[in-house]
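What follows is a set of notes on a single structure, which appears directly below.
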There are 2 protein chains.
Amino acid sequence: MNSTVASMRQDPDSTGSGTRLPTTAYALLGLLSFGRELSGYELKQFSDSTLRFYWSSPAMSQIYSELGRLLDHGLVDSREVDGPGSRTTTKYRINDAGLAELRGWLVTSEAEFPVLKHSVALRLLLAHLVDPGSVEAMLKTYDEQLTERRRDLAAILDGITDDETFRFPAYVAQWGLDYYAAEKRTVRRILRDLNE
Amino acid sequence: MNSTVASMRQDPDSTGSGTRLPTTAYALLGLLSFGRELSGYELKQFSDSTLRFYWSSPAMSQIYSELGRLLDHGLVDSREVDGPGSRTTTKYRINDAGLAELRGWLVTSEAEFPVLKHSVALRLLLAHLVDPGSVEAMLKTYDEQLTERRRDLAAILDGITDDETFRFPAYVAQWGLDYYAAEKRTVRRILRDLNE
DNA sequence: GGACAGTATTCCTAACTGGAATACTTCACC
DNA sequence: GGTGAAGTATTCCAGTTAGGAATACTGTCC
């Protein structure tokens, strides 16, 4: 049997479109907008299997602090759920105010140009400082990591194609696969060039 | 006439490969490894024209604080240079310890898998919450931004090709151009798909 | 029954961003 | 010959984000 102590700390300052939240808060709200009720831990897992591919997957600590903030702003509802043993877990669900806030953010704010933190490219830039062999090794390792990533993402895409609910997530996943394919082509071209 | 008050605060803790620095510190050290003596402000400009395309260009405030740290660790030398009027500017140059530290980092640490903060993809994921028109508008805007970026980067590449000093930076710039081209293809494919 | 993986959460430090504030110089334009 | 805008140079602060460590309870496997 589950307890049903609903909690929803209200912050009068945030009715409607008051303070703008950090992007991570909107990203988490976005994950919750697919309808499921999740714990912080589950949200981290969900985020590792989706956000990771085109947005940094937030640290655990940040997921919990963002959930607290969303709660303070009345954008999610929380509920204590009895788990196995004497254990209780806090689960979170987006509410109408949260959906409205998320929609408001999507239409009123501009998308920034993507930021890439590409340490392989950074190291290639400095390749004049190291021996050619280690640059080649790094690029080969990256090529292998791309293969893995691609496999992971292909598996996820496989699980959501033909499901109309995940039409847009499927576009995004396909985008990711295209990106990995382009990276692979570039890495291989550079490896060829280096051996001339 | 320029003053030549050399300063090099020594930190005994950091002789050789003691504490590991944040990646941004190595990125800046990397920019300085091309040999020029730069002020914080110039380093920001240099970084905006290079790092920006595959690594986030650090904020001004961070450039200055990293320079302070590099100085503390004895990896760069600084010099007060008389500017126009009664003005003096602090200029920084990498030294032998800095080059050694940078080489050490390149060979001993692993390159992490690139992290992408792609707010366009994030918003596309949530496209079920907004009207189709605004998604299309967002993608078109992104397409235009890609054109601009590509132009900027092509100009930079143009300035460094056929200069053997910048052989590796040229590879990286070409990589960026490939990436932008791949993004353009994907965006256009998605725009086509949306109109079906 | 003890080790280990998984679930769930909190705390702390360091890294990083972005904006504001300051100040001086050069240049354009009226 | 003055005024204002743009460029150079730097510092400070608050808030955001990353990442690791610590804690604790549950289920599983040998």
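Quick notes on this one:
- The mean number of Cβ atoms from other chains found within 10 Å of a Cβ in peptide A:47-60 is 2, as a whole number.
- Take each residue of peptide B:135-146, count the partner chain Cβ atoms within 10 Å of its Cβ, and average: the result is 2.
- Relative to its Kirkwood radius, the Cα radius of gyration of the protein assembly as shown gives an Rg/Rh of 1.02.
- Interface burial for B against A (accessible surface, 1.4 Å probe, total of both chains, Å², rounded to 100): 6500 Å²
- Relative to the other identical copies, B:Asp163 shows label-point distances of 5.2 nm, where the label point lies 7 Å from Cα along the Cβ direction and values run shortest first.
- √(5λ) per eigenvalue of the Cα gyration tensor, chain B, largest first, Å: 40, 19, 17
- Residue closest to axis [chain A; rotation mapping onto B; Cβ; Å]: A:Ala182, 2
- Inter-chain neighbour count for B:170-180: the average number of beta-carbon atoms from partner chains within 10 Å of each residue's beta-carbon is 5.
- GluC sites (Glu not before Pro) lying in DSSP loop within segment A:88-126, provided at most 15 other Cβ fall within 10 Å: A:Glu110, A:Glu112
- Think of chain B as having a plus end and a minus end, set by charges on the Cβ of Lys, Arg, Asp and Glu; of B:Thr186, B:His128, B:Ser57, B:His128 sits farthest toward the positive end of this dipole.
- Percent of Cα pairs exceeding the 15 Å cut-off, where the set is segment B:6-108: 60 percent
- Label point of A:Pro132 (7 Å along Cα→beta-carbon): distances to the other copies' equivalent points are 5.4 nm, sorted ascending.
- A:Thr88-B:Thr108 FRET efficiency (beta carbon distance; Förster radius 41 Å; 0.05 resolution): 0.35
- Straight-line reach from B:Lys44: taking Cα to Cα under 19 Å and skipping same-chain neighbours fewer than 8 places apart, the lysines in range are A:Lys117, B:Lys91.
- Simple Cβ-charge dipole of the protein assembly as shown, Lys/Arg +1 and Asp/Glu -1, about Cα centre, in debye nearest 20: 100 debye
- As a length-normalised measure over Cα pairs under 8 Å and 6 or more apart, the relative contact order of chain A settles at 21 percent.
- Note on segment B:78-104 and segment A:96-124: Cα centroid distance 36 Å, given to the nearest whole angstrom.
- With coordinates expressed along the principal axes, the C-alpha atoms belonging to segment B:119-194 extend over 51, 19, 16 Å, beginning with the largest.
- For chain A, the solvent-accessible area works out to 49 Å² per residue, with a probe of 1.4 Å and every protein chain left in place.
- Taking only protein heavy atoms and a 1.4 Å probe, the accessible area of segment B:119-194 is 51% carbon and sulfur.
The values are calculated or read from the model by the stated rules, or taken from the named source; none is laboratory data. Owing to the predicted nature of the structure, the values given are computational and were not obtained by experimental measurement. Every residue, glycine among them, receives a Cβ derived from its backbone with ideal geometry; neighbour counts consider all protein chains shown. Just the protein is used for accessible areas: all its heavy atoms, side chains included, with ligands, DNA and RNA removed. Shrake-Rupley method; radii C 1.70, N 1.55, O 1.52, S 1.80 Å.
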